[in-house]
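Undergrad: One structure, as structure tokens, below. Some questions next.
The values are calculated or read from the model by the stated rules, or taken from the named source; none is laboratory data. Please read these numbers as outputs of a predicted model, since none were measured by experiment. Cβ coordinates were reconstructed from backbone atoms using ideal geometry, including for glycine residues, and neighbour counts include every protein chain displayed.
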Amino acid sequence: MPKKNDTITRVPGIQVGHFTDEAAVTGCTVLLCPPKTVGAVDVRGGAPGTRETDLLAAHNLVEEVSAVLLSGGSAFGLAAADGVMRWHVERGIGYRSRSGVIVPIVSAAILFDLTIGAPDAYPGAEAGYQACDNATAAPVIMGSVGAGTGARIAALFGNERASKGGIGSASVMLPGGLIVAALMAVNAVGNVIGEDGDILAGLRAADDRGFVSALDAMTALASEELPERENTVIGVVATNGALNKTQLQKVAQMAHDGLARAVNPAHTMFDGDTIFALATGDKSADTTLVGAYAAEMVAEAIRRAVLQATSLAGVRAVRERQT
């Protein structure tokens, strides 16, 4: 019996592909969009690294999005979008200008993973192209793959006291066949908080007995430079509903509420927190309802990311026995 798909590829037409480099501990994840997908974005972090986000503003011309790329490698990782564009051009997919030239619209966001694995390695154009080749409508592979390969959580005191982050995804089917889903790459500066309010993953205690508050640690270091502070949670929410760019902008804003529920603290000056929103279909959809469930799915996807992560390059995952 086929595995139930409760990830973002449950949205008809959405495909997700990963490129994973375990040796260098980095990677990227691409989300391929069906034709006429409308896109928007909301950036809340104080240190974002993005590409083709201004274009998604409601007052700007282009509405259709060809793909969304999430990448490791910090700003270097934005180069992976070049490969995603080449993959689309070879297949004649993209925005057709008045002159007839096809220009794929590939929006992207990056996370910082240069202090785990190889510091001079990052996803380039070939990685982005390979991620497209790997894309499928099957349930999304979660954990320490793709953009989540080098993701860490609460690495304030380095890898030894951090927890392993990764990729997570979740979806819900609402009455009438309306689907709302999320895909998140979790590399948070703060702790990931469970639905019960307890720390699910994050900053390990100095004696390695459980987790401690990342916010308390920041408070204690308020008069000093934080030892490690390059982090980010980036992701995508999608629906098969019929929403325009203005409505999707509100959905992206509301989706960040889920990030704030599942990560503490969130949206700091050291994060690049960015969430894209996509509408692919023609189902009747209420903006508020989609936005509210987008926040729920973002929180669930973040928690799944850390529960599915595996230990890598000295950063321990919560699913594995602590040593």
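Undergrad: Residues to consider are ASP271, ASP282, ASP257, ASP286; find the one that is of a type outside the set (A, V, I, L, M) and under 18 Å from ALA170 (Cα atoms).
TA: ASP257
Undergrad: Here are SER71, SER99: which of them is farther than 19 Å from PRO34 by Cα, polar (S, T, N, Q) and surrounded by fewer than 21 Cβ atoms within 10 Å (Cβ to Cβ)?
TA: From the options SER71, SER99, the qualifying one is SER99.
Undergrad: Right, something else. Is it the case, given these coordinates, that ASP286 is surrounded by fewer than 22 Cβ atoms within 10 Å (Cβ to Cβ) and modelled with pLDDT of 95 or more?
TA: yes
Undergrad: Go through region 268-323 and give me each residue that's among the hydroxyl-bearing types (Ser, Thr, Tyr), over 30 Å from VAL38 (Cβ atoms) and either touching a Ser or Thr at 6+ places or on another chain (Cβ under 7 Å) or in a helix (DSSP H, G or I) (or both).
TA: THR310
Undergrad: Still on this structure: Filter region 1-14 for residues that are over 17 Å from ALA301 (Cβ atoms) and modelled with pLDDT of 95 or more; which is surrounded by the fewest Cβ atoms within 10 Å (Cβ to Cβ)?
TA: Out of the qualifying residues, it is PRO12.
Undergrad: Here is a further query. Among the residues of region 102-139, count how many are over 30 Å from GLU160 (Cβ atoms), among the hydrophobic types (A, V, I, L, M, F, W, C) and in contact with a Gly (Cβ under 9 Å, 6 or more places away or on another chain).
TA: Total satisfying the criteria: 10.
Undergrad: Can LEU226 be described as at pLDDT 95 or above and not in a strand (DSSP E or B)?
TA: Answer is no for this residue.
Undergrad: I'd like to verify a number: residues in region 103-118 that are farther than 16 Å from THR37 by Cα and either touching a strand residue (DSSP E or B) at 6+ places or on another chain (Cβ under 7 Å) or without any contact (Cβ under 8 Å) to a residue 60 or more places away in the chain (or both), how many?
TA: 7
Undergrad: Next up: Please state which of the following conditions VAL237 fails to meet, knowing it meets all the rest: (1) part of a strand (DSSP E or B); (2) more than 30 Å from THR20 (Cα to Cα); (3) of a type in the set (Val, Ile, Thr).
TA: Going through the list (1) part of a strand (DSSP E or B); (2) more than 30 Å from THR20 (Cα to Cα); (3) of a type in the set (Val, Ile, Thr), VAL237 breaks only (2).
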